[in-house]
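Just so it is clear, none of the values below were taken in a lab; they were calculated from the coordinates. These numbers come from a predicted model, not from an experiment. Virtual Cβ from ideal backbone geometry, glycine too; neighbours counted across all protein chains shown.
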Amino acid sequence: MQIVDIGCGDKKFPGSIGVDKNYDEADYKMDIDEENLPFEDNSIDLVVSNDSIEHMGNPKHVFKEVYRILKPGGKFRIETVNVSVWWIRLFIFLDWNVAWRHKIGTKRTGHMIHFTPDMLDMWFEMNGFKPLYKKNNFLFRYKITQTGIKKCD
């Protein structure tokens, strides 16, 4: 099974090929927002993005590339912050950038896009995926874990 972890950081998904812009631990160090993923069309079984899709400034390109490299019926699994949770919205109101800023070396990165479960469904559907599974709790769970399956053309 071929697995790609986009935005892997310094902890890759077990058994995966890591792709990241800022970490030397990645197998491929590249700008995922702008560059095409270095994999053949229809060659990957699973793509994961754990706590990274919200840091990408061009998710349209990311979804397009993930769709391109996945085999028909392949899965795209995303885990991200759930901004529909009340206390996350409080952080946004107070100052999202201070609450969710991260420091990587001398660069500061933050959340570029905020996702809700319905918004992730929309992104999956707009880009040729069928939303398959979601795990979240709207009151307390601050993470969305959602999977989309590539529709067969």
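Database remark: amide H of residue 144 closer than 5 angstrom to the amide H of 80, 81, 82 (H placed geometrically; neighbours at sequence offset of 5 or more, or on other chains; Pro and chain starts carry no H). Inter-label distance, residue 71 to residue 34: 3.4 nm, where each label sits 7 Å from its Cα along the C-beta direction. Overall form of segment 13-79: rounded. Here a/c, set by the Cα gyration tensor axes a ≥ b ≥ c, is under 1.5. When each of the peptides 23-31, 47-55 is scored by the mean number of other C-beta atoms lying within 10 Å of its residues, the order from highest to lowest reads 47-55, 23-31. Bridgeable aspartates and glutamates around residue 130 (alpha carbons under 17 Å apart, same-chain partners fewer than 8 residues away excluded): 45, 65, 79, 118, 121, 153. Spin-label model, residue 152 to residue 1: label points 7 Å out along the Cα-to-beta-carbon direction sit 2.0 nm apart. Segment 112-129 to segment 1-59: how many Å between their Cα centroids? Segment 112-129 and segment 1-59 have Cα centres separated by 18 Å.
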